[in-house]
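Report on one structure; see the data block that follows.
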């Protein structure tokens with residue numbers, strides 16, 4: 001009954017797969033879809049692709065910063081996560097660092113040992129209005 005109302009998870013074609021017995025040392029820059037079952041010791045960055053999707057399985061580990069528009073985590077990230085559009089933290093997700101997001105979904109059991117920081121689409125500007133000076137009766 002409830003499942004019919006749930007919006008489907010953003011999914012993309014997997015262009016790159018890092019297997020569970022693979023460990024990469026260094027930054028990974030990708031476009032399209034990246035699925036990680038292994039371990040990355042370095043940053044994971046999407047290359048100017050607003051539709052890029054990172055999927056980290058329950059066996060996957062990233063030791064570094066993540067900057068990807070759409071992030072689906074069910075593994076471990078040791079570092080900050082910058083989800084420029086959407087982040088989904090599944091039940092086995094573990095993040096030791098801050099999570100920056102525009103839209104977040106978090107399942108029961110997911111852990112974030114850091115701050116959850118919402119980022120709006122456009123930074124808000126502070127507007128200073130002239131204030132009336134009570135002594136002179138004019139604006140200052």
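The values are calculated or read from the model by the stated rules, or taken from the named source; none is laboratory data. In this text, all values refer to a predicted model and were calculated from it rather than measured experimentally. All Cβ positions, glycine included, derive from the backbone under ideal geometry; neighbour counts span all protein chains shown.
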(request) Tell me the strands (runs of 3 or more DSSP E) entirely within segment 29-140 that contain at least 1 residues that are within 22 Å of residue 17 (Cα to Cα) and modelled with pLDDT of 95 or more. (result) 33-36, 39-41, 44-46, 53-56, 61-63, 66-73, 76-78, 81-89, 94-96
(message) List the residue pairs whose Cβ atoms are under 6 Å apart, where the first residue sits in segment 73-95 and is touching a residue at least 60 places away in the same chain (Cβ under 8 Å) and on the phi < 0 side of the Ramachandran plot, the second is surrounded by fewer than 19 Cβ atoms within 10 Å (Cβ to Cβ) and part of a strand (DSSP E or B), and the two are 6 or more positions apart or on different chains.
(response) 86/103; 88/105
(request) Filter segment 95-113 down to residues that are under 18 Å from residue 59 (Cα atoms) and surrounded by 15 or more Cβ atoms within 10 Å (Cβ to Cβ) and give me whichever is farthest from the chain's Cα centre (by Cα). (result) 110
